[in-house]
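Below: the structure, in structure tokens.
The values are calculated or read from the model by the stated rules, or taken from the named source; none is laboratory data. Since we're looking at a predicted model, the values are computed, not measured. Cβ sites come from the backbone with ideal geometry, for glycine too, and all protein chains shown count toward neighbours. The protein model used for the area step is the full one, side chains on, heavy atoms only, and it has no ligands, DNA or RNA in it. Shrake-Rupley method; radii C 1.70, N 1.55, O 1.52, S 1.80 Å.
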Amino acid sequence: MNRVLIFLLLLSSCDLIQFKQDQGDDQESKAVARVKNTYLNQSDLVGIVPDNISIADSIQIVNQYIDSWIKKQLMIDKASTSIQLNESELERKVLDYRYALIVHEYEKIAVNQMLETQVTEEEILEYYNDKQDNFILKQNIIRGLFVKLPKEAPRITNIRNQVRSYPNANLEEMRSYCYQFAKLSHLDDSLWVNFNEIIKNTPLASIPNKVQYLRSNNFVETSDDEFVYLLKILEYKISDEISPLDYVRDNIINIIINKRKIELTRNLEAQTMKEAEERNEFEKYNIE
């Protein structure tokens, strides 16, 4: 049985909806809510409850819908009696919004069917080289390793030497150690990361001149009352320099795909106009 019908039967049995059938009013006999002379009918609830959910959840969803409907109707009524409305202008805006929603859904489906989401390395590199002014860093970034260890962790000397000597070190051994003992670790040496994010909540966060610090150090060890911090800097870029390609690669891919979407949308609109014109489906009349 339809979950909405089940819900309505339950409501009726609990006297939560009082149908005024004794008055012979067909409108009210089908209603589940009323705001002044506007009714929400049983038929308006069809389709709002997903399949495969419990009766209790169905009742909750329908109740929420009814409450929302009542609030909206009350606000519409309040607005209508409180301000002067230009009905023709309001109707035009409603139609424009409806048409915009319909067209948006159609374009989204049509464009996604035609969209090529694969972006080649050549396209990425070309965009990066042409638009480098768009990729100026706003923060210092590094490529390297970071390990945060409890002071009581075993074999700290060994992991210290491994981090210090990297890349001449056993990365798998380091990963295994950090998995067991590190409070926090970053061991992906190919990934560029924000320097401030790496050193946040460490004694290094209070460094007064971070640019000079990056230029003067490639391995750092520091500590506080609880932890030892190991940082290996393999490469760095400072703010106002051009971002490394790998740091902005995902952004470039998204930009290229979005540009394709825009182009496909324009082509779709132009093709629709062309086909309609060829079939003589529209005319534009002179305005006197």
Next item on the list: Considering only Asp246, Asp133, Asp51, give the residue with the highest GNM mean-square fluctuation for the chain, with springs between Cα atoms whenever their separation is below 10 Å.
Entry: Asp51
Note to self: Between Ser223 and Thr38, what is 0.36 nm times their sequence separation minus the Cα-Cα distance? Round to one decimal in nm.
What the structure shows: 59.6 nm
Notebook entry, point to check: Considering the chain as a Gaussian network with a 10 Å cut-off on Cα pairs, which listed residue, Met273, Met75, Met114, attains the greatest mean-square fluctuation?
Noted result: Met75
Notebook entry, point to check: Taking only Cα atoms, what is the 0 to 90° angle, nearest 10, from helix 171-181's long axis to the longest principal axis of the chain?
Noted result: 70
Item checked: Fluctuation leader among Ala270, Ala79, Ala56 - the chain, Gaussian network, Cα springs under 10 angstrom -> Ala56
Checklist line | Charge dipole (the range 65-182, unit charges on Cβ, about Cα centre) - positive-most of Ile136, Val94, Ala79 | finding: Ile136
Check: What is the Cα centroid distance between the range 169-247 and the range 81-122, reported in whole angstrom?
Finding: 46
Item checked: Simple label model, 7 Å out from Cα along Cβ direction - Thr272 to Ala205, nm -> 5.2
Note to self: Using protein chains only and a probe of 1.4 angstrom, how many square angstrom of Thr222 are accessible, to the nearest 10?
What the structure shows: 30
Next item on the list: Please work out how much accessible surface Lys30 shows to a 1.4 Å probe, ignoring ligands, DNA and RNA, in Å² rounded to 10.
Entry: 100
